[in-house]
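Encoded as structure tokens, the structure appears first; notes follow it.
The values are calculated or read from the model by the stated rules, or taken from the named source; none is laboratory data. What you see is a predicted model; the values in this text were computed from it and never measured. Backbone-built Cβ (ideal geometry, glycine too); neighbour counts: all protein chains shown.
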Amino acid sequence: MADDIKALLPLQPTTFHILLSLADEDRHGYAIILEVARRTQGELKLSAGTLYRSIQRMLEAGLIVETRTRPAPEMDDERRRYYRITPLGKAVAEAEAGRLRDLLKMARLCGVAPRTT
Amino acid sequence: MNFYRLLLHLYPSSFRAEYGEEMSAIFSLQLGQSSGVVAKCGLCLSAFAEIVFNAALVHWEIGRRDLFHSARSLLRSPGFTLTAILLVTIGIGANVAVFTLANFVLVRPLPFPEPDRLMKVWENHPGYSRMELSPANYRDVIASSQSFTDLAAYNFNSVNLVGQGEPQRIEGSSVTANLFSVLERPALIGRYFSKEDDRAGAPGTVVLSYSLWQAAFGGDREIIGKAISLDDESYTVIGVMPPDFRFPTRETQFWTPFRFKELDYQDRNNNYLDGIGRLKPGVSAAQAGSELSLIAARLRGQYPKENEAVDLSVVAMRDELTTESRLLLFGLCGAALCVLIIACANLANLLLARSLARQRELSIRLSLGAGRRNLLRQLLSESVLLGLAGGACATGVAIAALPLLSRLVPNALPIQQVPPVDVQMLLFALGLTLLTVIGFGVAPALQTCRGAGFSGLRVGVRTGGAGRQGARSALVIAEVVASVVLLVSSGLLIRALWRVQSVNPGFRTSGILSLRTELPFPKYNKTSMREQFYSKVLTDVRRLPGVTDAGYITALPMTWGGGIWPVEVNGRSQIRTAGTSASLRFVTPGLFSALGIPIKLGRGVSESDTVDRPWVAVVSESFVRRYWPNEQPIGRHFKFGFHDHEVIGVVGDIRARGLERTSEPQVYLGSQQDADDGFTYYAPKDLVIHSSQPPEQLLPAIRQILHVSDPEQPISDVRTMDEVMAGETESRTIQMRVLVVFTGVAIVLAGLGIYGLLAFTVSMRQQEFGIRLALGAGQGDIFKMVLVQGAWLAVAGLVPGLALAYIAARFMQSLLAGVRPADAVTFSAAAALCLITTLMGTLFPALRAVRSDPTAIMRAE
């Protein structure tokens with residue numbers, strides 16, 4: 001597992017953001033786009049093409065799965081597919097976060113990033 | 001929305017099926033949320049850009065994955081992979097090499113600006129379709145013609161370069177001052193000639209080739225303005241041409257201006273200028289040709305004696321190649337195509353066999369949910385990988401082969417010897433590879449995908465299918481056809497080569513060493529000085545151990561067309577035609593004996609035939625037959641080369657112009673009788689030595705003798721007569737060798753193709769053979785059955801193959817040196833060889849069929 005995770009790092013920013021958006025709940029494609037935009041205060045607006053190309057790759061890598069659990073029919077649109085983060089996906093996201101943290105630490109030591117308490 | 005759905009078709013269908021609906025829904029939502037036409041247009045534009053970008057990435061990722069899987073699958077069957085790559089390498093390698101050569105020689109523009117406007121100008125005399133211009137006619141054409149921006153002239157020249165290390169003989173060209181402006185190539189450094197350099201009495205100036213500048217002067221940029229010594233005359237270097245400037249031939253090392261004197265314009269029958277002109281923009285070759293014909297007609301009127309029957313014509317510089325040179329290349333292209341057909345047919349058969357063997361695997365993958373499209377894509381990517389690997393190897397093979405083929409690049413074109421490896425060649429290799437892959441990879445892949453399915457699972461791998469078997473048989477028949485065409489063509493060319501080699505040249509070829517000492521003028525203008533040199537050299541050489549005789553001649557037979565002069569007998573002047581002229585060579589005593597030209601009547605040239613004695617001549621038998629048939633020729637007189645000559649001897653005819661050309665009758669004049677400042681151009685140059693010892697052993701001693709006779713005299717063209725003869729048939733020999741290699745490969749591949757097909761058929765029909773044997777069929781019947789199938793394939797290929805071979809032979813008839821295109825011996829031998837190959841390919845599968853064990857087969861089923 002550790003080797004699998006290592007092989008996937010560093011993550012592409014899009015992949016990382018998609019994993020983050022799925023960390024707390026299952027979402028469909030459009031919801032992922034909205035969530036990523038919300039988290040980044042509109043700085044990253046995923047296009048449908050980029051999103052589904054990333055989703056296809058992440059499904060193949062086992063970072064996410066398509067879930068059969070769907071919301072209540074009145075809230076649902078049958079064209080939508082819902083995606084859920086897998087344990088591997090979670091571990092990879094954590095490893096990426098750790099990697100970024102280490103980078104930040106290093107940057108602080110070198111004085112290229114502000115020291116915060 | 002329709003716009004977006006249309007855009008989605010840029011994605012692979014699997015991706016579109018998976019995510020298309022959802023992507024459309026998102027786009028529709030975004031479109032609904034945006035207000036105003038501008039915002040909607042902006043959304044559409046960004047959607048277009050991101051879909052084009054992402055679709056390309058998705059395609060790339062899928063392709064990469066397919067290639068990766070295919071590479072793994074191919075590595076699992078190394079035997080198949082290596083064989084397939086080898087087949088592609090052979091087929092494409094042969095074609096890339098040969099077509100690069102053909103493109104280089106026949107198609108590619110010559111290295112001058114607007115080369116299509118460059119035209120050679122020729123005189124046409126009865127019997128000589130192309131003859132050089134005389135200076136007088138050249139001057140008149142320039143004065144009258146309106147078709148050319150300028151018309152230049154040149155001829156071939158060689159001089160002794162002394163003072164730059166060892167004296168050396170270098171080839172060059174005398175040119176009119178306007179040559180470089182006609183060719184429109186500027187000098188690399190310095191300048192080229194001006195009209196001032198090209199007038200009688202002007203100081204000597206020379207332009208150097210890049211290679212001579214580098215080799216003899218170390219690339220010294222200060223060379224401009226310095227004086228160098230050529231044939232003991234001082235020439236000032238005024239320019240150096242660029243490295244890729246080769247004119248008239250690639251051997252040309254320097255250019256000097258003609259500096260015509262008024263005397264040079266007096267004889268309109270002294271033809272030695274090659275004319276080259278640049279057509280004015282918008283003027284066609286045909287228009288220029290018509291204008292020259294009119295000028296020729298006017299000149300005929302003005303100079304009825306000298307110019308009677310003389311016409312003028314233009315030929316595009318690119319078309320200067322001989323028909324033989326073209327045919328040699330066309331023949332090779334055809335042969336390479338045959339090899340490609342055979343290699344591709346084998347490749348297709350190999351892929352078909354593999355696809356059949358993988359039917360079960362693919363059926364399982366289909367039943368597990370893999371799409372047919374995915375399978376097809378993967379099979380195709382296998383072909384692409386095989387093709388690319390083979391194509392890369394083929395390009396390497398072609399690059400390695402080009403120097404070997406470069407001797408087929410004719411010297412008549414001002415281009416480099418070895419065709420360059422360039423983008424054109426690489427694109428051709430890539431294009432051919434892709435064509436091969438598409439042509440011979442797609443069909444088997446489609447068949448496999450069509451065949452795979454539940455039926456594939458049910459009946460297992462033994463489903464050849466009648467259609468598929470038919471396709472494979474057709475491929476094998478195509479191989480047989482192509483190899484028969486190659487077999488016959490090579491056979492005919494081998495017989496033609498033998499025929500040419502067996503032509504009696506009229507002189508001795510073995511045990512003869514020759515070398516060239518081209519005496520410089522004006523140093524050797526005096527006859528006595530030349531004779532002193534010849535006499536000393538010959539006396540000393542004849543003393544060497546093993547030397548039986550030695551002599552000097554203007555030029556060796558075969559190496560030079562010779563001076564062609566009109567003959568005047570009984571006071572009747574003659575128009576120069578092939579039927580009234582003879583070739584001229586000056587010789588020293590001892591030449592006939594050294595070269596083994598038999599003296600049939602009278603005597604040869606002797607020491608007593610000096611300049612103060614009446615002019616004498618030795619003529620060939622054909623000369624006597626033409627002018628004095630059935631009469632005694634000795635003592636008769638004829639006028640030749642401005643002088644009256646008395647015939648003192650008759651010698652055997654020689655092939656002066658080459659083994660494949662009949663020569664004019666020959667006239668030999670004594671070098672001692674050439675007056676001071678006389679025919680200096682014809683002064684004997686080639687020393688011919690006949691020796692009982694290996695010629696190369698004599699060389700150091702001969703060099704020493706020549707050095708003592710004149711330390712500044714360079715020696716060039718050291719060769720045995722056998723080498724001269726080999727040079728005569730060199731291009732034929734190379735073409736034949738290449739063809740023989742192609743044919744060998746082709747016949748082996750065809751044999752393997754037949755073997756592969758029958759071996760496969762036999763393994764498919766094991767069950768049938770088992771049942772037949774169990775029901776009482778004899779082993780002989782089974783053996784015969786397989787043999788008949790093989791024989792049928794051979795005959796089916798042999799008949800159209802022989803017909804096509806005959807057509808090919810008719811096409812290259814002028815290369816066959818008199819061998820009939822329907823030569824029975826060659827056709828029979830080719831048919832027999834083809835049948836033997838088929839038989840060998842059939843034998844093992846037939847024996848395997850006979851060895852079928854009915855019990856074991858029935859039990860296995």
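Remarks
- The combined condition, being free of Cβ contacts under 8 Å to residues at least 60 places away in the same chain, within 14 Å of chain B (Cβ to nearest Cβ) and among the charged types (D, E, K, R), is fulfilled by residue A:66.
- Qualifying residues in the range B:566-590 (those that are among the aliphatic types (A, V, I, L, M) and in a strand (DSSP E or B)) - the one modelled with the lowest pLDDT: B:569
- Flag if residue A:86 is among the polar types (S, T, N, Q), more than 14 Å from chain B (Cβ to nearest Cβ) and surrounded by fewer than 16 Cβ atoms within 10 Å (Cβ to Cβ): no
- Among the numbered conditions (1) surrounded by 13 or more Cβ atoms within 10 Å (Cβ to Cβ); (2) closer than 23 Å to residue B:52 by Cα; (3) away from chain B (no Cβ under 14 Å), the only one that residue A:91 does not meet is (2).
- Pair list, Cβ < 9 Å and 6+ apart or interchain, from the range B:316-333 residues that are among the aromatic types (Phe, Trp, Tyr) to residues that are part of a helix (DSSP H, G or I): B:330/B:102; B:330/B:106; B:330/B:811
- The condition of being closer than 27 Å to residue B:5 by Cα, basic (Lys, Arg) and at pLDDT 90 or above holds for only one of A:99, A:68, A:79, A:27, that being A:27.
- Close Cβ contacts (under 9 Å, 6 or more residues apart or on different chains) running from residues in the range A:31-56 that are more than 10 Å from chain B (Cβ to nearest Cβ) and without any contact (Cβ under 8 Å) to a residue 60 or more places away in the chain to residues that are outside any loop (DSSP other than H, G, I, E, B) and surrounded by fewer than 16 Cβ atoms within 10 Å (Cβ to Cβ) comprise A:44/A:13.
- Considering the range B:1-15, and only residues there that are assigned to a helix (DSSP H, G or I) and within 10 Å of chain A (Cβ to nearest Cβ), the residue that is farthest from the chain's Cα centre (by Cα) turns out to be B:4.
- Among residues of the range A:31-70, those that are of a type in the set (D, E, K, R) and under 19 Å from residue B:10 (Cα atoms), counted: 2
Condition check ((1) within 26 Å of residue B:743 (Cβ to Cβ); (2) within 26 Å of the chain's Cα centre (by Cα); (3) of a type in the set (S, T, N, Q)) across all residues:
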residue	(1), (2), (3)
B:87	yes, yes, no
B:95	yes, yes, yes
B:100	yes, yes, yes
B:121	no, yes, no
B:129	no, yes, yes
B:132	no, yes, no
B:143	no, no, no
B:146	no, no, yes
B:152	no, no, no
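- Residue match in the range B:351-367 (condition: modelled with pLDDT under 90, surrounded by fewer than 17 Cβ atoms within 10 Å (Cβ to Cβ) and of a type in the set (A, V, I, L, M)): yes
- Residue satisfying all of: in the range B:646-663; of a type in the set (D, E, K, R) and at pLDDT below 85; surrounded by the fewest Cβ atoms within 10 Å (Cβ to Cβ) among these: B:661
- When the range B:173-204 is filtered for residues that are farther than 30 Å from residue B:296 by Cβ and part of a strand (DSSP E or B), the ones remaining, listed by number, are B:189, B:190.
- Among the residues of the range B:102-119, the one identified as of a type in the set (Lys, Arg) and under 14 Å from the mean Cα position of the chain (by Cα) is B:108.
- Residue within the range B:68-80 that is within 14 Å of another protein chain (Cβ to nearest Cβ), free of Cβ contacts under 8 Å to residues at least 12 places away in the same chain and part of a helix (DSSP H, G or I) present: yes
- Some residue of the range B:207-218 being more than 23 Å from residue B:115 (Cβ to Cβ), free of Cβ contacts under 8 Å to residues at least 60 places away in the same chain and more than 37 Å from the chain's Cα centre (by Cα): no
- Top-ranked residue of the range A:1-30 - restricted to ones that are of a type in the set (S, T, N, Q) and under 15 Å from residue A:85 (Cα atoms), ranked as nearest to the other protein chains (Cβ to nearest Cβ): A:14
- Total residues in the range B:534-565, condition crowded, with 18+ Cβ neighbours inside 10 Å and either outside any loop (DSSP other than H, G, I, E, B) or aliphatic (A, V, I, L, M) (or both): 17
- All positions within the range B:644-669 that are small (Gly, Ala, Ser) and either more than 30 Å from residue B:731 (Cβ to Cβ) or over 37 Å from the mean Cα position of the chain (by Cα) (or both): B:649
- Filtering the range B:296-316 to residues that are among the small types (Gly, Ala, Ser), closer than 16 Å to residue B:145 by Cβ and outside any helix (DSSP H, G or I) leaves only B:313.
- Counting only residues that are closer than 20 Å to residue B:569 by Cα and touching a Pro at 6+ places or on another chain (Cβ under 6 Å), the range B:598-625 holds 4 of them.
- Only a single criterion out of (1) more than 30 Å from residue B:79 (Cβ to Cβ); (2) at pLDDT 85 or above; (3) touching a helix residue (DSSP H, G or I) at 6+ places or on another chain (Cβ under 6 Å); (4) assigned to a helix (DSSP H, G or I) is not satisfied by residue B:338, namely (1).
For (1) touching a helix residue (DSSP H, G or I) at 6+ places or on another chain (Cβ under 9 Å); (2) more than 10 Å from chain A (Cβ to nearest Cβ), each residue gets a yes or a no:
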site	(1), (2)
B:37	no, yes
B:41	no, yes
B:44	yes, yes
B:47	yes, no
B:55	yes, no
B:58	yes, no
B:61	yes, no
B:66	yes, yes
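- Restricted to helices (runs of 4 or more DSSP H) entirely inside the range B:416-533, those with at least 1 residues that are buried (at least 21 other Cβ atoms within 10 Å of the Cβ), within 36 Å of the chain's Cα centre (by Cα) and modelled with pLDDT under 90 are B:423-451, B:466-501.
- Residue that is part of a helix (DSSP H, G or I) and closer than 24 Å to residue B:745 by Cβ, where the choices are B:379, B:366, B:362, B:388: B:388
- Residue match in the range B:17-32 (condition: outside any helix (DSSP H, G or I), in contact with a helix residue (DSSP H, G or I) (Cβ under 7 Å, 6 or more places away or on another chain), surrounded by 14 or more Cβ atoms within 10 Å (Cβ to Cβ) and within 10 Å of chain A (Cβ to nearest Cβ)): no
- Subset of the range A:30-83 that is among the basic types (Lys, Arg) and under 28 Å from residue A:4 (Cα atoms) - its residue that is surrounded by the fewest Cβ atoms within 10 Å (Cβ to Cβ): A:68
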